[in-house]
Amino acid sequence: MDIDRLERFWIMISIAVLAALMLAIVYSVRGFGVEVPTDVGQVDPRTARETEPFNQPGVRQVGPGHYEVVMLAEAWRFEPSEVRVPAGSTVTFRLTSLDVIHGFRIPNTNVNLMVQPGQVVEATHRFNEPGTYHLFCHEYCGAGHHIMDGMLIVER
Ligand SMILES: [Cu+2]
């Protein structure tokens, strides 16, 4: 087999692998609604508790069927750690950390954030099924990391 043919063959393989990986990215974005967190804003972790909206953590309705959950993450709890919304709601979670890097994850949803001090992060998900959703920190944050969790209760 001559060298040119072999080289062309491996170039084609490389292009095919790149194309397959690009398709996988497009499929995950379109098919599963995967989103990369974008820059939402900054807040000084020392004064976050006095700064809007983190001076009033909790749930507020921001539109018909749309709720915003403002949450603070600190070693080793979320504030508030229990949140209630009606079924069929679109919920936007807005978080920041007061101390170290924490995580925020709700299994079986696309809510998966890294919560860093100084940074505001956001994720939105629609909760159609009533039930109790477990939320927890998934970034190791110290001795109490394993107890850092909470609940989202979707009421009928
Ligand atoms: Cu943690």
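The values are calculated or read from the model by the stated rules, or taken from the named source; none is laboratory data. Keep in mind that this is a model prediction, so the values were computed, not measured. Using ideal geometry, Cβ is built from the backbone for each residue, glycine included, and neighbour counts are taken over all protein chains shown.
Summary table
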| quantity | calculated |
| --- | --- |
| Residue in the stretch 100-113 that is nearest to Val34 (Cα to Cα), counting only those that are more than 10 Å from the chain's Cα centre (by Cα) and surrounded by 14 or more Cβ atoms within 10 Å (Cβ to Cβ) | His102 |
| Flag for Pro117 being surrounded by fewer than 16 Cβ atoms within 10 Å (Cβ to Cβ) and assigned by TED's automatic domain parsing to the domain that holds His66 | no |
| Residue among Phe78, Phe104, Phe127 that is of a type in the set (A, V, I, L, M, F, W, C) and more than 23 Å from Asp44 (Cα to Cα) | Phe127 |
| Number of the exception - His146 against (1) surrounded by fewer than 18 Cβ atoms within 10 Å (Cβ to Cβ); (2) within 12 Å of the ligand (Cβ to nearest atom); (3) part of a loop (DSSP other than H, G, I, E, B) | (3) |
| When residues of the stretch 90-141 are limited to those that are touching a residue at least 40 places away in the same chain (Cβ under 8 Å) and of a type in the set (D, E, K, R), the one farthest from the ligand (Cβ to nearest atom) | Glu129 |
| Residue check, Val85 β-branched (Val, Ile, Thr), closer than 25 Å to Tyr140 by Cα, away from the ligand (no atom under 16 Å from the Cβ) and surrounded by 12 or more Cβ atoms within 10 Å (Cβ to Cβ) | no |
| Val34 being at pLDDT below 95, touching a Ser or Thr at 6+ places or on another chain (Cβ under 6 Å) and surrounded by 10 or more Cβ atoms within 10 Å (Cβ to Cβ) | yes |
| Conditions (1) loosely packed, with under 13 Cβ neighbours inside 10 Å; (2) farther than 25 Å from Gln119 by Cβ: number failed by Arg60 | (2) |
